[in-house]
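Asker: Could you have a look at this structure, given as C-alpha cells, before my questions?
The values are calculated or read from the model by the stated rules, or taken from the named source; none is laboratory data. It should be emphasised that the depicted structure is a prediction, and the values quoted were computed from it without experimental measurement. So basically every Cβ, Gly included, is an ideal-geometry build from the backbone, and we count neighbours across all protein chains shown. Side chains are part of the model used for accessible areas, which takes the heavy atoms of the whole protein and leaves out ligands, DNA and RNA. Shrake-Rupley method; radii C 1.70, N 1.55, O 1.52, S 1.80 Å.
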Amino acid sequence: MAITYEHIKTCKQTGARLGKVHTPHGTFDTPAFMPVGTLATVKTMSPEELESMGAGMILSNTYHLWLRPGSDIVEEAGGLHKFMNWKGSILTDSGGFQVFSLSDLRKIKEEGVHFRNHISGEKLFLSPEKAMHIQNQLGADIMMAFDECPPYPAEHKYMKDSVERTSRWAERCLSAHQRPHDQGLFGIVQGGEYEDLRKQSARDLTSLDFPGYAIGGLSVGEPKDVMNRVLESTTPLLPTEKPRYLMGVGSPDSLVDGAIRGIDMFDCVLPTRIARNGTCMTSNGRLVVRNAKFARDFGPIDENCDCYTCRNYSKAYIRHLVKANETFGFRLTTYHNLYFLLKLMRQVREAIKEDRLGDFREEFFEQYGFNKPDAKNF
C-alpha cells in the first residue's frame, strides 16, 4: 500500500493521537499542518524554506494545475515533485471544491459536473474518472476522490442526495485509479451538520477500504461549535489504523481542537492569504502589522518566536514593505505565519506525548486570546 499510518501514542488527557504517515516520498509526524501550494508553489516561499521550517507535506490543487500549466506538462516533467523541486510528500485535492466555489454556471449530473473555466469562460467537464486521470498525471503521494461540496447551510434532502452521489462517485474513483501502488487515494466523508448523513457517508466510504479518509464540508461558514460537534461524532466512525484528514482548516484554535478530536492532517490557505494582507499569528494573538501604531515599533512580530523573520526584521520595517506592496514584506509575513503553525503542531505533538494536550489547550487559548468574548478566528 502506498500510504500507511503508524500509531505511536494516544493522549490520556484528551484522546488525541500521535503518529506517523508513511508515503513514497517520506514520512511525516502527525498531527500535522500542510502548507497549501495551489499552483505548485506555496506563495512567496521556496521548497528549501518550507523544508527548513519543518513542513513534511504540502498540498497542490488539481483544478488549477489542470488549467495551468496542464497536467500533461507536469507529467512530462516527471510529476509534481520534479516539476516544483519538492522532495517531501504532496497531496492533491480532487478539484471538486474549486468547481463548486469558483463557477456559478455549473450543472451537476450523475456523470460529473459541467461548468465554466473561471478564467476564460470556456466550457469544461470534470468527472470522477477525469479527476483521477489528472491526479495520476500529477503524481502526488496522496490524491483525493472527486466529491460534491455542498453549500452551508443546506437542507437535509439536498445533503442526502449529495452524500449518496459522492459515495457513488467514490466507487468510480477507485475503479479509475491507475497508480494505487505509488499513489494513495483518500475518500471524503460529507454530510454537512447532519449526524445521520455523516454516519451514512462514513459507512459507505469505509466499506470501500480507502487507505485514508478526509472529513470535508467543514470550515465553510459554520460556527466553531458546529464543526467540533461534527468532528466528535464523525471521527470515531473512521478506521483507527488509517490517517484522518480535516480539509481546509488552519486557524490555530481549530488545529488544536481538531487534534483533540482525533484528526491527523490539516491544510488551509489561511496563513499565507492573511500574510499578504499584513496579518500575522503570534503567541499573543492576531497582529495586523499594517496598523499605524507599528510605524516606529522596532521589535519583532513576536518576541517569543525564533523564525527567520522575527530574528532579523522589525515590525516597522515589515510594515513599510507591506504598505509599499513590496514582495519581500509578503515573504516575511508568510514565512512567520507558516513557521508559527508548524511550530504549534510540534507543540501539540509534544503535549500528546506528555499526556497534557488539554492543559496545553487551556494555556494556548488564554495567551492567544481565544477566551475573550471578542476573539478573532485567527
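Asker: So, of the residues in region 305-320 that are closer than 18 Å to Ser46 by Cβ and in contact with a Leu (Cβ under 7 Å, 6 or more places away or on another chain), which turns out to be surrounded by the fewest Cβ atoms within 10 Å (Cβ to Cβ)?
Answerer: Tyr313
For every residue, the table says whether it meets (1) under 30 Å from Arg349 (Cα atoms); (2) in a loop (DSSP other than H, G, I, E, B); (3) open to solvent by 40 Å² or more (accessible area, probe 1.4 Å).
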residue	(1), (2), (3)
Pro35	yes, no, no
Lys43	yes, yes, yes
Glu51	yes, no, yes
Glu75	no, no, yes
His118	no, yes, yes
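Asker: What are the pairs with Cβ atoms under 8 angstrom where one residue, in region 242-263, is within 15 Å of Gly19 (Cβ to Cβ) and the other, located anywhere, is among the acidic types (Asp, Glu) and open to solvent by 10 Å² or more (accessible area, probe 1.4 Å)? Sequence gap at least six, or different chains.
Answerer: Close Cβ pairs (under 8 Å, with a partner that is among the acidic types (Asp, Glu) and open to solvent by 10 Å² or more (accessible area, probe 1.4 Å)) amount to Tyr245/Asp267; Arg261/Glu232.
Per-residue answers, yes or no, for (1) over 30 Å from Val226 (Cα atoms); (2) surrounded by fewer than 22 Cβ atoms within 10 Å (Cβ to Cβ); (3) assigned by the TED database to the domain that holds Ala214:
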| site | (1), (2), (3) |
| --- | --- |
| Gly88 | yes, yes, yes |
| Lys107 | no, yes, yes |
| Leu124 | yes, yes, yes |
| Pro128 | no, no, yes |
| Gln135 | yes, no, yes |
| Asp141 | yes, no, yes |
| Met144 | no, no, yes |
| Asp161 | no, yes, yes |
| Thr166 | no, no, yes |
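Asker: Now, a different point. When the residues of region 86-116 are narrowed to those that are in a loop (DSSP other than H, G, I, E, B) and small (Gly, Ala, Ser), which ends up farthest from the chain's Cα centre (by Cα)?
Answerer: Taking region 86-116 first, the residues in a loop (DSSP other than H, G, I, E, B) are 86-88, 93-95, 103-106, 109-112.
If we keep only those that are small (Gly, Ala, Ser) as well, we get 88, 94-95, 103, 112.
Details: Gly88: 16, Ser94: 13, Gly95: 13, Ser103: 21, Gly112: 24 Å.
Taking the candidates together, the pick is Gly112.
Asker: Taking the condition aliphatic (A, V, I, L, M), touching a Leu at 6+ places or on another chain (Cβ under 8 Å) and assigned to a helix (DSSP H, G or I), does Val226 pass? Full working, then the answer.
Answerer: On the way: aliphatic (A, V, I, L, M): yes; touching a Leu at 6+ places or on another chain (Cβ under 8 Å): no; assigned to a helix (DSSP H, G or I): yes.
Answer is no for this residue.
Asker: List the residue pairs whose Cβ atoms are under 9 Å apart, where the first residue sits in region 38-67 and is under 19 Å from Met265 (Cβ atoms), the second is charged (D, E, K, R) and in a loop (DSSP other than H, G, I, E, B), and the two are 6 or more positions apart or on different chains.
Answerer: Final answer for the pair search is Glu51/Lys87; Met57/Asp141; Leu59/Asp93; Ser60/Asp93; Asn61/Asp93; Thr62/Asp93.
Asker: So, Leu208, is that one at pLDDT 95 or above, assigned to a loop (DSSP other than H, G, I, E, B) and within 30 Å of Leu18 (Cβ to Cβ) or not?
Answerer: yes
Asker: Between a residue in region 327-353 that is touching a residue at least 60 places away in the same chain (Cβ under 8 Å) and any residue that is charged (D, E, K, R) and part of a helix (DSSP H, G or I), which pairs come within a Cβ distance under 8 Å, given they are 6 or more apart or on different chains?
Answerer: Pairs found: Tyr335/Glu49; Ala351/Asp359.
Asker: Further question on the same structure: Determine whether Val348 is at pLDDT 95 or above, under 30 Å from Leu18 (Cβ atoms) and part of a helix (DSSP H, G or I). Please lay out each step first, then the result.
Answerer: Values: at pLDDT 95 or above: yes; under 30 Å from Leu18 (Cβ atoms): yes; part of a helix (DSSP H, G or I): yes.
Yes, satisfied.
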